[in-house]
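Shown next, in structure tokens, is the structure this report addresses.
The values are calculated or read from the model by the stated rules, or taken from the named source; none is laboratory data. Just so you know, these numbers come straight off a predicted model, no measurement behind them. Cβ placement follows ideal geometry from the backbone for every residue including glycine, while neighbour counts extend to all protein chains displayed.
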Amino acid sequence: MTTPLQPSLPYPNSSLSYWHRTTRAFPLLNQNDTKSVPASSPYAIIGAGLTGALSAFELVESGIAGTDILILEAREAVSGSTGRNAGHCRPDAFRNFSDHATHHGPEQALKIAETEDRVFTLMKNFVNKHQVPCEFTLKQTYDVCFTSETAEDEAKNIGEYVAAGGKMDGIQVYEGDEARQKTGFDDAVAAYGWTAASLHPVKLTQWILSFAAERGVRLWTHCPVTTISQGYQGDWILHTPRGKITSQKIVHCTNAHAGVLLPQLSVRQLTPIRGQVQSLVPSRTHSGGRVIKSTMALRTSLRNFYALLQTSGDGMIIFGVARSTGLTFDESGYDDEIVKEAIDKFGALFPLVKNAESLQGEGFDHAWTGLLAFTPDRVPYVGPIPELPGQYICAGFNGHGMANIFACVPGVVKLMQGAAWEDTNLPECYRYSEERLKAED
Ligand SMILES: Cc1cc2nc3c(=O)[nH]c(=O)nc-3n(C[C@H](O)[C@H](O)[C@H](O)COP(=O)(O)OP(=O)(O)OC[C@H]3O[C@@H](n4cnc5c(N)ncnc54)[C@H](O)[C@@H]3O)c2cc1C
């Protein structure tokens with residue numbers, strides 16, 4: 001009999017993604033990787049992905065002294081899902097409307113879609129305001145349906161979204177010939193277009209960490225928090241292999257791994273699903289003036305799709321195979337069969353231009369895996385953990401973190417400073433509660 005999967009700390013031997021391989025000179029990458037931890041810090045953020053980095057940023061912006069904030073990261077900075085995704089900020093909750101409405105009702109489902117739209121604007125404004133060099137580029141995105149089943153599913157979701165009062169501003173619908181002509185795929189059945197962005201997620205997060213560090217925030221990498229115990233004066237003690245830290249306020253930004261420190265989040269309540277992404281060096285077909293200007297989700301069945309974009313930096317093609325490759329915390333390698341599937345699929349979708357020969361060095365570059373953290377009711381856990389006063393969580397983004405974190409983190413930081421939930425402007429269904437866990441147990 002196999003033992004059921006238990007929550008796990010991040011694997012120290014996790015692989016490097018394309019995003020990691022192109023940012024190795026980040027000065028804080030392995031910051032304080034051998035030093036003992038400070039004895040205390042009023043604020044402790046666990047996890048240095050986009051959620052943890054932005055939590056530090058928002059706390060500093062709200063007036064907390066940077067020196068009162070400590071980030072603890074199990075591996076190098078930005079080693080988790082933020083550094084392993086497909087490089088997209090793509091608000092698309094309208095196409096999951098039916099599922100969200102089944103779990104939370106149409107009003108909440110609408111609010112989820114609005115939140116993703118808002119995040120897109122928040123991220124865009126943030127990058128513009130701070131001139132963050134992270135290749136953030138607005139692009140037309142397409143959901144391309146290659147079967148009548150996927151087209152019907154998408155039409156159903158959008159129909160229910162509109163019936164509930166959802167706005168179609170900025171969303172274009174193409175059917176039949178129009179879909180084929182717009183996307184260039186002869187077998188497209190339907191397509192939906194709207195605006196999204198491609199970005200280098202590690203460059204964005206590294207920039208935020210640098211900003212926070214310049215204001216005094218301390219970062220300890222390769223320093224997993226292994227347990228948290230109650231202190232004597234209502235504070236908490238974080239245990240790490242390099243010492244203990246006493247803290248008054250803790251934010252769990254640990255994504256799929258949150259259950260290690262919060263046992264109430266069993267693997268059922270926070271399920272790690274491994275996804276795989278490939279990078280391909282473009283041939284003449286997709287380099288120079290022929291780069292793919294839009295981003296795409298190519299839907300071949302109800303559960304599976306291929307995610308495609310070309311980076312604005314070096315033109316690398318990022319091709320994600322969006323289907324579960326297993327229930328695991330292992331991000332250390334990749335599956336060769338999926339690499340082969342990706343290469344074959346890409347070749348079938350985009351045949352070489354006439355007379356273009358493949359050059360040595362073009363084609364498959366690299367592959368990596370990363371964890372998507374799913375919750376039973378498909379929305380993240382956000383806010384205070386009432387049974388552990390002083391501890392907060394922001395995790396479980398169901399593969400939509402890039403489209404949620406810029407709204408969820410400012411919300412959590414407001415809550416840490418005594419604001420009411422209503423002040424966060426977040427969907428009520430995102431709020432963490434024991435009742436929510438019991439309802440889905
Ligand atoms: C293949 C793939 C494709 C994706 N596609 C999309 C997409 O198209 N759109 C979208 O919106 N989102 C997408 N996502 C999801 C998105 O990347 C995540 O939701 C987001 O990056 C989560 O950020 P985070 O900071 O919460 O978590 P992470 O980036 O995972 O950061 C958590 C950090 O916490 C650290 N940590 C964990 N436990 C401990 C501990 N006990 N002590 C210390 N440190 C700890 C980890 O090492 C990690 O660095 C995708 C993810 C993957 C893997």
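Are there any pairs, at least 6 apart or on different chains, whose C-beta atoms fall under 9 Å, with the first in segment 215-236 and farther than 16 Å from Thr34 by Cα and the second surrounded by fewer than 16 Cβ atoms within 10 Å (Cβ to Cβ) and of a type in the set (A, V, I, L, M, F, W, C), and if so, which? Here the result reads Arg215/Ala65; Gly216/Ala65; Thr226/Leu9; Thr227/Ile237; Ile228/Ile237; Ser229/Ile237; Gln230/Ile237; Gly231/Ile237, each pair linking segment 215-236 to a residue that is surrounded by fewer than 16 Cβ atoms within 10 Å (Cβ to Cβ) and of a type in the set (A, V, I, L, M, F, W, C).
Listed here are the residues, each with its yes/no results for (1) aliphatic (A, V, I, L, M); (2) touching a Cys at 6+ places or on another chain (Cβ under 9 Å).
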residue: Ala164; (1), (2): yes, no
residue: Ala188; (1), (2): yes, yes
residue: Tyr192; (1), (2): no, yes
residue: Trp207; (1), (2): no, yes
residue: Gly231; (1), (2): no, no
residue: Ser247; (1), (2): no, no
residue: Arg268; (1), (2): no, no
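For segment 31-56, the set of residues classified as surrounded by fewer than 17 Cβ atoms within 10 Å (Cβ to Cβ) and within 13 Å of the ligand (Cβ to nearest atom) consists of Asp33 only.
Among the residues of segment 180-212, the ones that are over 16 Å from Leu308 (Cβ atoms), away from the ligand (no atom under 15 Å from the Cβ) and crowded, with 19+ Cβ neighbours inside 10 Å come to 2 in all.
Taken as a whole, the structure leaves Leu238 outside the set of residues that are touching a Phe, Trp or Tyr at 6+ places or on another chain (Cβ under 8 Å) and either surrounded by fewer than 16 Cβ atoms within 10 Å (Cβ to Cβ) or assigned to a strand (DSSP E or B) (or both). So Lys438 passes all but one of these: (1) at pLDDT 95 or above; (2) charged (D, E, K, R); (3) not in a loop (DSSP other than H, G, I, E, B). Which condition number does it fail? Failing condition for Lys438: (1).
Scanning segment 86-116 for residues that are more than 12 Å from Ala403 (Cα to Cα), in contact (Cβ under 8 Å) with a residue 24 or more places away in the chain and not in a helix (DSSP H, G or I) yields a single hit, Ala86.
Go through segment 268-287 and give me each residue that's over 26 Å from Asp336 (Cα atoms) and touching a Phe, Trp or Tyr at 6+ places or on another chain (Cβ under 9 Å).
Taking segment 268-287 and keeping what is over 26 Å from Asp336 (Cα atoms), we get 268-270.
The answer is Gln269, Leu270.
Taking every residue in segment 390-404 that is closer than 18 Å to Val277 by Cα and pairing it with any residue that is at pLDDT 95 or above and more than 9 Å from the ligand (Cβ to nearest atom), at least 6 positions away or on another chain, the pairs with Cβ-Cβ distances below 6 Å are Asn398/Phe374; Asn398/Arg378.
A count restricted to segment 213-235 and to residues that are polar (S, T, N, Q) and buried (at least 17 other Cβ atoms within 10 Å of the Cβ) stands at 1.
How many of the residues making up segment 50-71 are under 18 Å from Leu122 (Cα atoms) and either of a type in the set (Lys, Arg) or in a loop (DSSP other than H, G, I, E, B) (or both)? Even if it seems obvious, please write down each step before you answer.
Pass one, segment 50-71, residues under 18 Å from Leu122 (Cα atoms): 50-62.
Applying the additional criterion that residues be either of a type in the set (Lys, Arg) or in a loop (DSSP other than H, G, I, E, B) (or both) yields 62.
Here the count works out to 1.
Would you check if Ser266 is surrounded by fewer than 24 Cβ atoms within 10 Å (Cβ to Cβ), over 22 Å from the mean Cα position of the chain (by Cα), more than 21 Å from Met402 (Cα to Cα) and among the polar types (S, T, N, Q)? So Ser266 fails the test. Checked against the criteria, Ala25 does not count as assigned to a loop (DSSP other than H, G, I, E, B) and touching a residue at least 24 places away in the same chain (Cβ under 8 Å).
Please enumerate the residues belonging to segment 248-257 that are buried (at least 24 other Cβ atoms within 10 Å of the Cβ) and more than 16 Å from Glu331 (Cβ to Cβ).
Listed by number, the residues that qualify are Ile250, Val251, His252, Cys253.
Taken over segment 119-157, the criterion of being surrounded by 20 or more Cβ atoms within 10 Å (Cβ to Cβ) and within 22 Å of Ala109 (Cα to Cα) is satisfied by Val119, Phe120, Met123, Thr141, Tyr142, Asp143, Thr150, Ala151, Glu154, Asn157. Considering Ala65, Ala25, Ala74, the condition of being within 21 Å of Trp236 (Cα to Cα) and more than 10 Å from the ligand (Cβ to nearest atom) is satisfied by Ala65 alone.
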